[in-house]
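Taking it in order: structure first as structure tokens, then the write-up.
The values are calculated or read from the model by the stated rules, or taken from the named source; none is laboratory data. From a predicted model like this one, the values you see are computed outputs, not experimental measurements. Every residue, glycine as well, gets a Cβ built from its backbone with ideal geometry; the counts of neighbours run over all protein chains shown. Areas reflect the complete protein model, heavy atoms only, side chains present, ligands, DNA and RNA absent. Shrake-Rupley method; radii C 1.70, N 1.55, O 1.52, S 1.80 Å.
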Amino acid sequence: MEFITRYVDQPLLDCGAMALRTWHEHTRQSPQKLVPFWTLFVILLLLSATSLFLAGTAYKLTFAALLMLSLPSVQMLTLGRTARTYDIRAYRALATVAIRKRETEWAIRLTVLFTSVVFPFCIHVDDQTTAFFLIGASLWFALIVPARLYLDAAEPPPPADDGRKVSSRATMVVA
């Protein structure tokens, strides 16, 4: 277990924290907005791949499915379910949730990660259209679900608005 934690889980959590920090530094937006943007980016890539490989009814069905999968992210970005301002209070709330998720959802993160790695290899159908649809579904699952779990459990970046530095240990004590 320690091997998996040290060489699989912790590096992915560090990558998630680095992605959140980079996102916040470049956009000055809340780290909560990275997940919907990532979801929409992956869906856009799948839509472009769908237009290359599918046609007719299969394309329309896949387009509709991807459109429905994008609605929660679009709603989150347009209706503002994410925090509008990212200040020290929002940082502490995100850090508290991340610490809780990091400690309690370890098995869930690894199960989803290994499932997403194995899932594309479990597909075997004779119909080419169905095979493309299932490969797209497995790619969507592999690119969206583990990323969301690791970004939710990663250490959020401190807010850059007032220049105060906040450590995660201080946040844990305050929370």
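Structure data summary
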quantity	calculated
0 to 90° range, to nearest 10: angle between helix 128-153 axis and the chain longest Cα axis	0 degrees
Hypothetical label at Ile135: residues of the stretch 114-129 whose amide nitrogen lies under 11 Å (7 Å Cα-Cβ projection)	128-129
Accessible-area order (highest first, 1.4 angstrom probe) of the listed residues His24, His124	His124, His24
Förster radius 45 Å - calculated FRET efficiency between Thr85 and Thr57, Cβ distance, rounded to 0.05	0.45
Probe 1.4 Å, protein heavy atoms only - accessible area per residue of the stretch 1-57 in square angstrom	63 Å²
Of all accessible heavy-atom area on the chain, the percent that carbon and sulfur account for (1.4 Å)	66 percent
Computed [θ] at 222 nm, helices only, for the chain once each DSSP H run of length n ≥ 4 contributes -39500 (n - 2.57)	-24000 deg cm²/dmol
Given 16 as the ceiling on other Cβ atoms within 10 Å, longest exposed-site-free region of the chain for trypsin sites (Lys or Arg not before Pro) in DSSP loops	85-163
The chain, relative contact order in percent, only Cα pairs under 8 angstrom and at least six apart counted	37 percent
Label-point gap, in nm, between Met68 and Arg28 - each point 7 angstrom along Cα→Cβ	4.0 nm
Over 21 Å [Cα-Cα, the stretch 47-119], rounded percent	61 percent
Rounded to 10°, Cα long-axis angle of helix 106-118 versus longest principal axis of the chain	30 degrees
Per-selection Kirkwood Rh - the chain (Cα, Å, 1 d.p.)	17.9 Å
Calculated diffusion of the stretch 1-61, Stokes-Einstein form, Kirkwood radius summed over Cα pairs, 37 °C and 0.692 mPa s, µm²/s	229 µm²/s
The chain: angle of helix 56-78 to the longest principal axis, Cα-based, in degrees nearest 10	10 degrees
